[in-house]
1. What are the pairs with Cβ atoms under 7 angstrom where one residue, in the range 91-115, is free of Cβ contacts under 8 Å to residues at least 24 places away in the same chain and the other, located anywhere, is assigned to a helix (DSSP H, G or I) and surrounded by fewer than 18 Cβ atoms within 10 Å (Cβ to Cβ)? Sequence gap at least six, or different chains.
2. Among the residues of the range 45-78, which ones are surrounded by 19 or more Cβ atoms within 10 Å (Cβ to Cβ) and either in contact with a Lys or Arg (Cβ under 6 Å, 6 or more places away or on another chain) or aromatic (Phe, Trp, Tyr) (or both)?
3. Counting residues that are within 14 Å of Asp58 (Cα to Cα) and at pLDDT 80 or above, which helices (runs of 4 or more DSSP H) fully inside the range 72-168 reach at least 3?
4. Quick one: which strands (runs of 3 or more DSSP E) sit completely within the range 5-44 and have at least 1 residues that are surrounded by fewer than 10 Cβ atoms within 10 Å (Cβ to Cβ), among the polar types (S, T, N, Q) and more than 15 Å from the chain's Cα centre (by Cα)?
Amino acid sequence: REAFESLNKKLTKLPEEVRTNFLHGDAHNGNMITQFREIKLLDFFNAQMGVWLSDVADFVTYASLFSGLERPDSFYESALQCKLSSVTNPQEIESTYKEVLPLLIIRRALRASGALSWILLGKGTYIEEHERVRENLEHRRAVYTSFLREQLRKMNGMKEIAKYITTT
């Protein structure tokens, strides 16, 4: 718990230009369509203000886990270069990027595995009546949970938390 409180403190102390951006809030393949070589976002239910890199981390994490996106690091680097070209203080953005990205990736995996667990616990719901949907969601939860444990093990101060993350 202390580690996640520390994460939130770090995020709130980021420069305003980094943390006050309009976010979709749930960027994944199911909330996007492509049309004429452009990506269009759908479902703005989770829209909010926040760290610009959040949507990028959400989408790239999802795409690399479930859609075969290769070399996610190059995608992050491209997003960073695009952002740097449009801000007044690129040094500030770049200096926070490497520290914040792993934390946002962990936050996405944590939110996704928690949300999927909550859905799967429902009784008398659509999920119970449609076994294929349940199997798909259980698979996604297991993938996110394994990914979350792996990311936590890589970070100093978070390794101890990893052993408490289970797929059930």
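The values are calculated or read from the model by the stated rules, or taken from the named source; none is laboratory data. None of the values given here were measured: they were computed from a predicted structure. Ideal geometry is used to build each Cβ from the backbone, glycine not excepted, and the neighbour counts take in all protein chains shown.
1. That search, which allows pairs on different chains as well, returns Glu94/Leu84.
2. Val51, Trp52, Ala57, Asp58, Phe59, Thr61, Tyr62
3. Filter on the range 72-168 gives 72-84, 90-120, 131-154.
4. Working: elements: 21-23, 32-35, 38-41.
Those strands (runs of 3 or more DSSP E) span 32-35.
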